[in-house]
Amino acid sequence: MSLYDEAVERFQEILRQARETGTPEHDAMTLATVRSDGRPSARTVLLKAVDRRGFVFYTNRHSRKGEQLASNPNAALCFYWAELGRQIQVEGVVEDVGDAEADAYFASRPRLSQLGAWASRQSQPLSHPEMLIEEVRRVDERYAGSEVPRPPFWGGYRVVPRLLEFWASREGRLHVRERYEREDSGRWTHYHLHP
């Protein structure tokens, strides 16, 4: 097993533990991107898939994060499970998941979430929250009696890791930090860090 595969399997095991222990929003992660002026930007999104290809989330491509990723495809993720005393950081380059994968995931979402994807002009000013509810009603009428297709401006991103760092809490702040990192040559390394 490669070091990278080991890191992905470790992540999947910790995520499984978080899910099984009932950790609320066990799949929540902080996504950090960079604005065109170089300033960082972060928000919480939900992890929808993870395998050796990377970490997948979905959003409106015209959102703030979508526009930032279009101009700079570098991103960082941070998962924190207080109940487990664990944190995992991921850094990498973002790629599009492709239409087939995005279509399949969109079709699995609840209908209201599908309608909301069409109705929301994500990250744009909204004069009153009821306007969004009214737009959802209009979209629901448009697709009454039929499946809701995926909007062309909505899709998935995959963060392809170049770094995964595992942190485990220990008494006295003597935490354990382990880093898996891909070198420019493509070779993966594994080492410990001082807390």
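Hey, among ALA70, ALA100, ALA75, ALA104, which residue is touching a Phe, Trp or Tyr at 6+ places or on another chain (Cβ under 9 Å), outside any loop (DSSP other than H, G, I, E, B) and either under 27 Å from SER36 (Cα atoms) or modelled with pLDDT of 95 or more (or both)?
ALA75
Of the residues ALA75, ALA18, which is in contact with a Gly (Cβ under 8 Å, 6 or more places away or on another chain) and either surrounded by 14 or more Cβ atoms within 10 Å (Cβ to Cβ) or farther than 26 Å from PHE153 by Cβ (or both)?
ALA75
Regarding segment 118-131, can at least one residue be identified that is closer than 23 Å to ALA75 by Cα and in contact with a Gly (Cβ under 7 Å, 6 or more places away or on another chain)?
So far as segment 118-131 goes, no, none of its residues is closer than 23 Å to ALA75 by Cα and in contact with a Gly (Cβ under 7 Å, 6 or more places away or on another chain).
Taking segment 117-171 as the region of interest, how many residues are over 20 Å from GLY98 (Cα atoms), in a helix (DSSP H, G or I) and among the small types (Gly, Ala, Ser)?
Count: 1.
Residue pairs, Cβ under 7 Å, 6 or more apart or interchain, first in segment 135-151 and free of Cβ contacts under 8 Å to residues at least 60 places away in the same chain and within 18 Å of ASN60 (Cα to Cα), second in a helix (DSSP H, G or I) and of a type in the set (Asp, Glu). List them.
Listed by first residue and then by second, the contacts come to ARG150/ASP103.
Looking only at segment 21-41, filter to residues that are of a type in the set (Gly, Ala, Ser) and surrounded by 14 or more Cβ atoms within 10 Å (Cβ to Cβ); which one of those is farthest from ARG86 (Cα to Cα)?
Applying the filter and picking the extreme gives ALA32.
The values are calculated or read from the model by the stated rules, or taken from the named source; none is laboratory data. Just so it is clear, the model here is predicted, and its values are computed rather than measured. Note that we place each Cβ from the backbone using ideal geometry, even for glycine, and neighbour counts take in every protein chain shown.
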